[in-house]
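A.B. asks: Before we start, here is the structure in question, set down as structure tokens.
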Amino acid sequence: MGDTSIFREIADKIKNARKAVVLTGAGISKESGIPTFRGADGLWKRFKPEELATPWAFERNPKLVWEWYAWRRGLMHDKKPNKGHYIVAKLEQIVSHFWLITQNIDGLHRLAGSKRIIELHGNIWRERCVSCSFRRENMEVPLKEIPPKCPQCGSLLRPDVVWFGEALPTDALNDAIHHSETCEIMLVIGTSAVVQPAASLPVMAKNQGAFLVEVNPESTPLTSLCDVSLKLKATEFAEELEKVL
Ligand code: NAD
Ligand code: ZN
């Protein structure tokens, strides 16, 4: 990778920060073998995620939406965290005030050892009832019952994730905004920065004076705002940063 000075600068800023935040998106899990939404391999049958990950699709055809989630769970369940997830977990050990904000629903950050995680879009391994307060973890692959029913009230269960057109969980969003506005450095890894409101978090961080680093092989709407934009895969970035931590 040649120039290590930029990685040294990032490592120093992280180590000296009172608060550091990492924001991740589907790109960090790509090298674990989980497709991103904005890639051709993200398609299932003839559907786009934007057509299935919605409350309206679930109302019209819960079985179809659950079949798609069953397919995604099948893709995810044997996948392992990669160096990208592990370096994020390591940063948490180094910085006293550290927060990971993720848009991912795959649970790989937790598997890699991260603890201070804000899951903005929920988790695909949890289900919740559409009518009552019932919630449960369900790691079963394949699912025995599609669509699954609530054991408490008999209504439909749905994946405990945030769909297009839905509000984010209030506590998670408020925490994410607070930490974005009060961090000294934010690393944005593997997000297309087009899904709101997550895409606004780096802008908030920057407006409050944070040093902004983007790690993404492609340019995004955020790139021009960043102090440093590294056109690298998450694992390549992790390898370089690891050397100087
Ligand atoms: P996205 O699919 O819109 O974009 C992924 C981004 O990752 C792109 O900008 C791409 O250039 C970049 N990328 C690709 N390979 C990379 C690599 N090896 N290293 C670093 N970056 C890489 O993802 P998003 O912005 O996170 O938003 C999409 C939504 O889809 C989110 O709401 C999320 O909940 C959901 N989603 C989650 C998963 C998951 O949990 N793994 C997978 C697909 C979609
Ligand atoms: Zn119920």
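A.B. asks: For the stretch 175-216, just the Cα set please: Rg and Dmax, both in angstrom.
C.D. replies: Cα radius of gyration and Dmax of the stretch 175-216 are 9.4, 25 Å respectively.
A.B. asks: If only Cα atoms are counted, what is the Rg of the stretch 93-182, and what is its Dmax, in Å?
C.D. replies: 15.2, 47
A.B. asks: While we're here: So what's the net charge close to Ile10: Lys and Arg +1, Asp and Glu -1, counting the other residues with Cβ under 13 Å from its Cβ? Please report the intermediate quantities before stating the final value.
C.D. replies: Values: positive: Arg8, Lys13, Lys15, Lys243; negative: Asp3, Glu9, Asp12, Glu184, Glu214, Asp227, Glu240, Glu242.
So the surrounding residues net to -4.
A.B. asks: Quick one: work out the % antiparallel among DSSP beta bridges in the chain, nearest 5. List each step's numbers first, then the result.
C.D. replies: On the way: 9 of 31 bridges.
Around 30 percent antiparallel, to the nearest 5.
A.B. asks: Taking the Cβ of Ile177 as the center, what net charge do the other residues with Cβ under 14 Å away carry, scoring Lys and Arg +1 and Asp and Glu -1? Write out the running numbers ahead of the final one.
C.D. replies: Values: positive: Lys19, Lys206; negative: Asp171, Asp175, Glu181.
So the surrounding residues net to -1.
A.B. asks: Restricting things to Cα coordinates, could you compute the convex hull volume per residue of the chain in Å³?
C.D. replies: 121
A.B. asks: Sticking with this one: Which ordering of Trp56, Trp99, Trp44 is given by a fewest-first count of other beta-carbon atoms within 10 Å?
C.D. replies: Values: Trp56 12, Trp99 23, Trp44 16.
The most exposed by this proxy come first: Trp56, Trp44, Trp99.
A.B. asks: Find the Cα radius of gyration of the stretch 1-101, compare it with 2.2 N^0.38 Å by division, and give the number to two decimals. Write out the running numbers ahead of the final one.
C.D. replies: Details: Rg = 18.4 Å, N = 101, 2.2 N^0.38 = 12.7 Å.
Compactness ratio reported: 1.45.
A.B. asks: Can you sort Asp106, Asp227 so the residue with the fewest Cβ neighbours within 10 Å comes first? Mind dumping the intermediate values first?
C.D. replies: Numbers: Asp106 24, Asp227 15.
Least crowded to most crowded, the residues run Asp227, Asp106.
A.B. asks: Rounded to the nearest 500 deg cm²/dmol, what is the calculated helix-only ellipticity per residue at 222 nm for the chain, with -39500 (n - 2.57) per DSSP H run of length n ≥ 4? Kindly include the intermediate steps, with their values, before the conclusion.
C.D. replies: Working: 10 runs with 88 residues, N = 245.
Counting only the DSSP helices, I get -10000 deg cm²/dmol.
A.B. asks: With all pairs of different alpha carbon atoms counted, what Kirkwood hydrodynamic radius in Å does the stretch 141-245 show? Present the calculation step by step, with values, prior to reporting the outcome.
C.D. replies: Working: mean 1/r = 0.0610 Å⁻¹.
Across the stretch 141-245, the inverse of the average 1/r is 16.4 Å.
A.B. asks: To continue, here is another question. Apply the Kirkwood formula to the stretch 150-189: the hydrodynamic radius equals the inverse of the mean of 1/r over all pairs of different alpha-carbon atoms; give it in Å with one decimal. Before the final figure, lay out the partial values.
C.D. replies: Values: mean 1/r = 0.0756 Å⁻¹.
Kirkwood hydrodynamic radius for the stretch 150-189: 13.2 Å.
A.B. asks: Identify, among Val141, Phe47, Pro35, the residue whose Cα sits farthest towards the positive end of the charge dipole of the chain, taking +1 on the Cβ of Lys and Arg and -1 on the Cβ of Asp and Glu, with the dipole about the Cα centre.
C.D. replies: Final value for the positive-end residue is Val141.
A.B. asks: Further question on the same structure: Compute the relative contact order of the chain as a whole-number percentage, counting only Cα pairs closer than 8 Å that sit 6 or more residues apart in sequence. List each step's numbers first, then the result.
C.D. replies: Working: 430 pairs, mean separation 58.1, N = 245.
That works out to 24 percent.
A.B. asks: While we're here: Would you mind working out the magnitude of the charge dipole of the stretch 1-148 relative to its Cα centre, with +1 at each Lys and Arg C-beta and -1 at each Asp and Glu C-beta, to the nearest 20 Debye? Each step should come with its number before you reach the end.
C.D. replies: On the way: 26 positive and 17 negative charges, 55 e Å.
Its charge dipole is roughly 260 debye.
A.B. asks: Okay, next question. Can you give the percent of C-alpha pairs in the stretch 117-158 whose distance is more than 11 Å? Could you put the intermediate results ahead of the total?
C.D. replies: Details: 570 of 861 pairs.
Tail fraction, whole percent: 66.
A.B. asks: Provide Tyr69, Tyr86 in ascending order of the number of other Cβ atoms located within 10 Å of each residue's Cβ, fewest first. Intermediate results must be reported in sequence, preceding the final value.
C.D. replies: Values: Tyr69 23, Tyr86 18.
Ranked by crowding around the Cβ, least crowded first: Tyr86, Tyr69.
A.B. asks: Right, next: Which entries of Lys63/Lys90; Lys83/Lys144; Lys149/Lys233; Lys144/Lys233; Lys30/Lys206; Lys48/Lys90 have Cα-Cα distances beyond 29 Å here? Let's see the in-between values first.
C.D. replies: Numbers: Lys63/Lys90 40 Å; Lys83/Lys144 33 Å; Lys149/Lys233 40 Å; Lys144/Lys233 37 Å; Lys30/Lys206 26 Å; Lys48/Lys90 35 Å.
Violating the 29 Å Cα-Cα cut-off are Lys63/Lys90; Lys83/Lys144; Lys149/Lys233; Lys144/Lys233; Lys48/Lys90.
None of the figures in this text is laboratory data; all of them are computed from the coordinates on show. Since the structure is predicted, the reported quantities are computational estimates derived from the model, not experimental observations. Heads up, the Cβs are rebuilt from the backbone with ideal geometry, glycines too, and the neighbour counts pull from every protein chain shown.
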